Amino acid sequence: MNAPVKTGNQIVAHTPEGQLFSLVEKVLSSSNPDMAIIEKMLDMQERVMAKQAEMAFNRDFAMMAPEIPVIAETSTGHNITYAALETIDAVVRPILSKYGFATSFRVEHPEPTKVKVTCVLMHRDGHRENTSMELNADSSGSKNAVQALGSSVSYGKRYTLCAMLNITTAKEDDNGFAAKPFCPMTPEQIQMLTGLHGRLEPFQQQLFFEQFGTIENINKSLFTKAQSALNKLIRQGNGNANT
């Protein structure tokens, strides 16, 4: 532990920056302080603090990265699917905050019909990283000049944010395994589905598994869909029994 020690009226920690501060204090208190030496020591202290901030950034980013999920492409446009900026932000913002990160964007106009979007990832200890993307104005459709630039800015924010955080997006599949953050069902919901599942024939249980997987691993957002599927299978089984 770097327990602080008291020196005069100052509390100085047993850390590199604390030790440098103590040395600077000693030089300043001398009868003829050498300002050149003080400037070098302060510069050294700044480099040490910057390195420590970078190490903290890398440590927390490494801890955060596994928690960032694949994000569902729930928006459509120009015959493609994509994850909208607001969708991505809603997923990653709480995760970023948990580990002391925040993002911001800079928008520049190197030319009248071009934009340069920069995503800045900031850490609570002071270190930051950024990545940029330069784009032409998106003149597709019937956009006016302002809308064309706005569309490119939105596109640039989305792609630079994904690049900075190494975000992967994917289409929602048809088998119930949506590319969304996993949110477990409540115990009551699991119990309800388990009860319905127990009324199925073995081959029906296999059909359900192929569509949804195990009940415990079904996303809460798919509860209603899974419940409907189970009830449908039960009705089909009863119908077959009555024929």
13 Å beta-carbon shell around Cys162, net charge (K/R +1, D/E -1): 0
Rounded to whole Å, sorted largest first: equivalent-ellipsoid semi-axes of the range 187-242, Cα gyration tensor: 19, 11, 10
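Can you put Ile80, Ile190 in order of Cβ neighbours within 10 angstrom, beginning with the fewest?
Values: Ile80 9, Ile190 16.
Exposure proxy ranking, most exposed first: Ile80, Ile190.
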Rounded Å value of the spacing that divides the Cα centres of the range 95-162 and the range 23-71: 29
Under 5 Å, built H, 5+ apart or other chain: amide partners of Glu73: Ala170, Lys171, Glu172
At R0 = 25 Å, FRET efficiency that the Cβ-Cβ distance of Asn231 and Ala84 yields, to 0.05: 0.15
Mean separation of Cα contacts under 8 Å, 6 or more apart, over the residue count of the range 68-171: relative contact order %: 30
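Quick note: the coordinates plus some simple rules give every number you see, no bench work behind them. As the structure is a computational prediction, the values presented were derived from the model and not from experiment. No Cβ is skipped: glycine too gets one built from the backbone with ideal geometry, and neighbour counts run over all protein chains shown.
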